[in-house]
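The values are calculated or read from the model by the stated rules, or taken from the named source; none is laboratory data. Remember, predicted model here, so these are calculated numbers, not experimental data. For neighbour counting, all protein chains shown are included, and Cβ atoms are generated from backbone atoms with ideal geometry for every residue, glycine included. Areas reflect the complete protein model, heavy atoms only, side chains present, ligands, DNA and RNA absent. Shrake-Rupley method; radii C 1.70, N 1.55, O 1.52, S 1.80 Å.
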Amino acid sequence: LFKKKTNKTIVQYITDLRMKRAREYLEKSNLGMGDIAQNIGFNDAQYFSRVFKKHYGCSPSTFAKKGRTQASE
């Protein structure tokens with residue numbers, strides 16, 4: 001029923017929410033990867049990094065560097 005309404009499984013939906021929140025943390029804070037991972041519900045920062053890279057196509061650290069570079073321009 002959930003998949004019919006959203007075209008996503010519950011796990012995919014939750015992962016999307018977590019990745020959006022991680023992106024906000026990376027854009028707006030100076031938290032480390034471990035802190036961000038824990039804040040969004042991952043116990044392992046390396047696993048968080050793999051999921052983030054799969055979701056956005058770049059690592060969280062690369063994403064954060066791009067965001068900070070664009071913000072300072």
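Worth pointing out:
- Prolate/oblate/rounded label for the chain (Cα gyration tensor, a/c 1.5): prolate
- Linear extension gain, residue 62 paired with residue 45, 0.36 nm per residue minus alpha-carbon span: 4.6 nm
- Applied to segment 41-47, the Karplus parametrisation 6.51 cos²θ - 1.76 cosθ + 1.60 on θ = phi - 60° returns per-residue 3J(HN,Hα) values of x, 9, 8, 10, 5, 5, 5 Hz, with x for Gly and Pro.
- Estimated at the nearest 10 Å², the accessible area of residue 9 is 50 Å² with a 1.4 Å probe.
- Its relative contact order, with pairs defined as Cα atoms under 8 Å and 6+ residues apart, puts the chain at 23 percent.
- Only one residue of 43, 22, 57 has its Cα farthest out toward the positive end of the dipole of the chain, where Lys and Arg carry +1 and Asp and Glu -1 on Cβ, and that residue is 57.
- With all protein chains kept in place, the per residue accessible area of the chain amounts to 75 square angstrom at a probe of 1.4 angstrom.
- Helix content alone sets the calculated 222 nm mean residue ellipticity of the chain: runs of n ≥ 4 DSSP H residues at -39500 (n - 2.57) each, divided across all residues, give -23500 deg cm²/dmol.
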